[in-house]
1. Counting only residues that are touching a Ser or Thr at 6+ places or on another chain (Cβ under 9 Å) and either modelled with pLDDT under 85 or within 14 Å of Ala23 (Cα to Cα) (or both), how many does the stretch 48-60 have?
2. Tell me which of these Thr173 doesn't satisfy, since it passes every other one: (1) surrounded by 14 or more Cβ atoms within 10 Å (Cβ to Cβ); (2) at pLDDT below 85; (3) among the polar types (S, T, N, Q).
3. Scan the stretch 19-39 residue by residue and report those that are under 22 Å from the mean Cα position of the chain (by Cα) and under 17 Å from Pro62 (Cβ atoms).
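The values are calculated or read from the model by the stated rules, or taken from the named source; none is laboratory data. Everything numeric in this text was worked out from a predicted model, so none of it was measured. Please note: Cβ atoms are built from the backbone with ideal geometry, for glycine as well, and neighbour counts cover all protein chains shown.
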Amino acid sequence: MSQSAPNLAQQLAIEIAKPLHIAPNQINTFLLVHIGDIINQDTVLAKKAGTLGLSKTQIQSPVSGKIVGIDDQKGVLYVESQADQEVERLAEEKIEEDKPKQRQVPTNSQEIPALAGFGSAAGEGFFIKDLSETSTMSSEWHGKILLFHTFPSLKLFYQASAVDVAGIIIAATDTEAETQLAKVQNKIHLGVLLFSEDVSLNLLHKRALQIDGANKILHIL
């Protein structure tokens with residue numbers, strides 16, 4: 001993996017390998033940009049020619065900003081951007097869904113069914129009391145599963161993915177919550193679950209957790 005030292009609080013992860021249908025370690029072959037490049041919205045980031053060169057697939061940047069990292073293990077490109085409204089555009093793009101990774105669950109774990117979810121993750125729960133705590137994403141949250149009682153912004157999902165947060169669990173009554181989650185599904189490297197507001201996520205702080213988003217189940221280990 002090649003990557004500079006970007007401001008993680010403003011970093012967005014853009015999928016390259018998935019939409020091009022290539023292995024993550026092949027992305028450098030198809031990338032048209034490099035770390036440090038300044039790009040505009042709609043700049044072509046990567047391009048793959050079709051069979052016999054008759055067609056091609058290309059990925060355009062949904063935001064203006066700077067290329068700050070290339071991850072050839074995950075197959076993503078990292079862009080630093082300030083514009084919140086441009087982040088919303090990223091969530092509107094359709095990328096083919098990945099098959100969920102299967103994890104073996106210990107037989108002594110507790111299971112809690114969720115309302116909605118996707119992806120998979122395992123890590124220690126970290127309860128966020130106030131969304132203001134996430135104004136600057138901390139690298140200390142690497143591998144953690146963040147717990148919220150308020151639905152966070154779409155931008156936070158991308159920022160969390162950029163600093164390798166393992167997952168996000170939300171307990172909220174937001175009527176648009178499931179619709180909002182659908183916008184980021186398949187765009188981020190996170191396991192995500194949504195519960196009703198009566199689930200006391202603060203009790204899961206520092207507990208070993210496992211997210212099975214495909215089956216909408218939280219395992220408390």
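1. So the count comes out to 3.
2. (1)
3. Correct list: Pro19, Leu20, Leu31, Val33, Ile39.
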